[in-house]
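First comes the structure, then the notes that go with it.
The values are calculated or read from the model by the stated rules, or taken from the named source; none is laboratory data. Predicted model only: the values in this text are computed from it and were never measured. Positions of Cβ are backbone-derived with ideal geometry, glycine not excepted, and every protein chain shown enters the neighbour counts. Surface accessibility is based on the protein's heavy atoms, side chains included, excluding ligands, DNA and RNA. Shrake-Rupley method; radii C 1.70, N 1.55, O 1.52, S 1.80 Å.
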Amino acid sequence: MAYSTPQVHPTRISDDVTAEDNAENAAQGPEMLAAIDMGSNSFHMVVARLVHGEIRTLEKMGEKVQLGAGLDQYNRLTEVAQERALECLSRFAQRLQGMPPEAVQVVGTNALRVARNAHQFMSRAEEVLGYPVEIIAGREEARLIYLGVSHTLSDDSGRRLVIDIGGGSTEFIIGQRFEPQELESLHMGCVSFRNRYFPDGKITRRQMDRAVTHAEQELLNIRRHYRSVGWQSTVGSSGTIKAIASVLATLKITDGTITRSGMQELRKRLVDMGKTDKLGDLGVRSDRQSIFPGGFAILMGAFQSLGIESMTFADGALREGLLYDIVGRIRHEDVRERTISALQERYHVDQAHGAAVEATAVAAWEQVADHWGLRTATDEEVLRWACRLHEIGLTISHSQYHKHGAYLLRYSDLPGFSQQFQRDLATLVRGHRRKFAAAIFEGLDPEDTARLRRLCVLVRLAVLLQHPRNLEPPPEFRLKPGNDTLTVSFADGWLDDRPLTLADLKNERDYLARQDFTLKINPD
């Protein structure tokens, strides 16, 4: 999806950060970082400074946008909801001025995962922000939430259960220190529960019981496994959980710790109160009152289903996790690299051959990137990783293995990857051999189609030149790109010694010609 790249301006040195600090940061990466979490209920932004490798939060902003409530009966975002969201993003955009693209992450969660017109909204959001917008899968959301929470807690050695109740989904993570071990995202949230069980603002015993039972039913899929893994402490990280802790303290039921007995007492009081508009007397903000009972029911169901006795609250959440994810990439501790390596191991990919194909593809990319508009870190990354994984489908079957590989990459849970990036990876793997058909790029935006089509040609050429599987370095070749043409030239006599490679190139020329792409071979 296209977006405009903002101009980069020097960042002012603040009173508490020395020029030496900034010199060191320059070597480490961008000084200013920002993350935006477009949740189903609220949009949040955090702006931070990177000093000596540590994140110092400068500013937090949040608005109740209720994007999830803007889904119509066909799961399409209404124009009113989109305008509400875009107005919020326009205010956020003012704070992002001058930050380089690699220092900003903007993600959408459950509402955009569900919305059928999500890509239309994302195009508008990118135009407002000037930065790319990505939709992340539920388990990737859970990983980032845990990353944010774990960096705000003491570095203890025991396992912890982290729960985050959002507007449309609730994440459950078991982890130790900074490493998540179990990740799950369940399709229930405070907005969806509000709409289903408390739409008129009334809190009845019957509706509360039904909502809690629904939450327990959703948890049945993970209950036995999570309880068998176990944990030593439980932490909540969402605004809903923070509000519940605050109400418990206001009522002097607990000191702010969320306990099972405290939850049971609060349940009775909510039913006795009977209406959400009375929650202001307990200190619940007006913009949270309507969703409070739904979020409470989800947490009550979690306490009962998972046998939780007490829970504390932590400030870290998805947006903080995004910041630490940015820092990891800056430090070359990219979780995506670990994911690619894990996939290679799990599916027994020939890593040496993949590396040879990668080296050849990058040698080709260097020659055409500027002319074809591919000189971005994202284009290089997707090219490299597609080359490493192009044979992943062989684990399933040799026949049509490029299609099997594309399916695995498109629909697997891949830590660190957005849904769009997985789609791009799958597209390149799907199109790296055999027919170069229009179906490979079906459903993509025109700009994405043009970009991936050119990257696909580079992967195909690299695979072809490494067809002998002799693990040789990339051959000496020159590429001359046109809009829909590519001339490849080899040293005199090189192709004469490799008749099979010449035959492959001629076959490839025929494949590409069927999609109006011209491959010229010199000498032919």
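Summary of computed values
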item: Global form of the stretch 316-382, assessed from the alpha-carbon gyration tensor, a/c cut-off 1.5; result: oblate
item: Whole-percent carbon and sulfur share, accessible surface of the stretch 374-464, 1.4 Å; result: 51 percent
item: Amide H within-cut-off set for Ser42, under 5 Å, with H built and near neighbours excluded; result: Val65, Gln66, Gly167
item: The stretch 374-441 and the stretch 155-187: distance between their alpha carbon centers, rounded to Å; result: 29 Å
item: Label zone at Asp370, where the point sits 7 Å out along the Cα-to-Cβ direction: the stretch 481-504 residues whose backbone N lies under 13 Å; result: 481
item: Extension gain from Arg210 to Gln97, taking 0.36 nm per residue of separation minus the Cα-Cα distance; result: 36.0 nm
item: Under the Karplus curve 6.51 cos²θ - 1.76 cosθ + 1.60, θ = phi - 60°, whole-Hz ³J(HN,Hα) for the stretch 394-399, x wherever Gly or Pro sits; result: 4, 4, 8, 6, 5, 5
item: Exposed GluC sites (Glu not before Pro) absent - longest run of the chain, DSSP non-H/G/I/E/B, at most 14 other C-beta within 10 Å; result: 1-308
item: Computed E for Val271/Glu87 - FRET, C-beta separation, R0 45 angstrom, nearest 0.05; result: 0.75
item: The stretch 87-179, accessible surface, carbon-and-sulfur percent (1.4 angstrom probe); result: 43 percent
item: In the chain, lysine pairs closer than 25 Å at Cα, eight or more apart or cross-chain; result: 26
item: Probe 1.4 Å, accessible area per residue of the chain, Å²; result: 44 Å²
item: DSSP-defined antiparallel bridges as percent of all bridges, the chain, nearest 5; result: 70 percent
item: Degrees, to the nearest 10: 419-430 long Cα axis against longest axis of the chain; result: 30 degrees
item: Helix-only CD estimate at 222 nm, as mean residue ellipticity for the chain, using -39500 (n - 2.57) per DSSP H run (n ≥ 4); result: -15500 deg cm²/dmol
